Every structure is written in C-alpha cells, then in structure tokens.
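Have a look at the structure below before the remarks.
The values are calculated or read from the model by the stated rules, or taken from the named source; none is laboratory data. Computed from a predicted model, the values in this text were never measured in an experiment. We place every Cβ from the backbone using ideal geometry, glycine too, and count neighbours over all the protein chains shown. Accessible surface is based on the protein model in full, side chains and every heavy atom, while ligands, DNA and RNA are left aside. Shrake-Rupley method; radii C 1.70, N 1.55, O 1.52, S 1.80 Å.
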Amino acid sequence: MAGVRTMLAEPALQGERLRAVATAEAELANAVAERTGTDLATDMYPRLVAAAASAAVAVAMRHYLDSADPPTPIEHLITDAFTQVAAGLPAPPR
C-alpha cells in the first residue's frame with residue numbers, strides 16, 4: 001500500500017489520475033442517461049449519479065489507504081460508501 005500512497009501523492013501522476021476519473025465519470029453519465037432515458041444536455045441526473053459514484057469510490061479508496069494494517073477490505077468500504085449514498089447520507093450514529 002505504501003507504493004500506491006506514494007504514487008497517488010506524485011504530482012506528475014495526479015493529472016493523469018484526474019483525466020482517468022473524468023473519462024470514467026463521462027462514460028458512466030452516458031450509461032445512466034441511456035438507461036434512464038434522460039438527456040445529458042438538459043438533465044443533471046446522469047452527471048450527479050456519476051459524480052456521486054466517483055466520489056464514493058474515491059472516499060473508500062482514501063479511507064482504505066489511510067487505514068491501519070490490516071485495512072478493511074476495499075470491496076467492503078466501497079459497498080458501505082454506496083450504501084450510505086443510497087440512503088441519502090444519514091447522520092452517523094453517535
């Protein structure tokens with residue numbers, strides 16, 4: 001994981017990572033628009049779904065990389081992130 005942390009912190013690679021994320025979001029937005037019958041030119045919904053999905057994965061990945069060893073498996077973190085987003089981001093239990 002240390003290597004992944006170093007790679008993500010490398011300024012020269014951050015631009016490429018952002019481009020890859022933007023490309024994935026655009027493709028997901030297109031798929032959502034097609035599946036829901038919405039129009040990217042007039043409806044925000046497909047891009048909101050794509051951005052929320054992208055953010056959920058990014059936060060899960062950051063949590064995974066910042067966690068102590070051994071970290072929670074990434075697939076559990078991604079599932080939890082999507083579950084929280086789908087629930088409308090309720091306040092966490094105290």
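For the stretch 37-47, give me the residue count where each residue is outside any loop (DSSP other than H, G, I, E, B) and either open to solvent by less than 70 Å² (accessible area, probe 1.4 Å) or modelled with pLDDT under 95 (or both).
Step one: filter the stretch 37-47 for residues outside any loop (DSSP other than H, G, I, E, B), giving 45-47.
Filter once more, so that each one left must be either open to solvent by less than 70 Å² (accessible area, probe 1.4 Å) or modelled with pLDDT under 95 (or both): 46.
Residues in the stretch 37-47 being outside any loop (DSSP other than H, G, I, E, B) and either open to solvent by less than 70 Å² (accessible area, probe 1.4 Å) or modelled with pLDDT under 95 (or both): 1 in total.
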Which condition from (1) touching a Ser or Thr at 6+ places or on another chain (Cβ under 7 Å); (2) open to solvent by 80 Å² or more (accessible area, probe 1.4 Å) is the one that residue 21 breaks?
(2)
A careful count of residues in the stretch 1-51 that are over 13 Å from the mean Cα position of the chain (by Cα), within 22 Å of residue 64 (Cα to Cα) and small (Gly, Ala, Ser) gives 4
Looking only at the stretch 48-94, how many residues end up being open to solvent by less than 70 Å² (accessible area, probe 1.4 Å), within 21 Å of residue 21 (Cβ to Cβ) and out of contact with any helix residue (DSSP H, G or I) (no Cβ under 7 Å at 6 or more places or on another chain)?
2
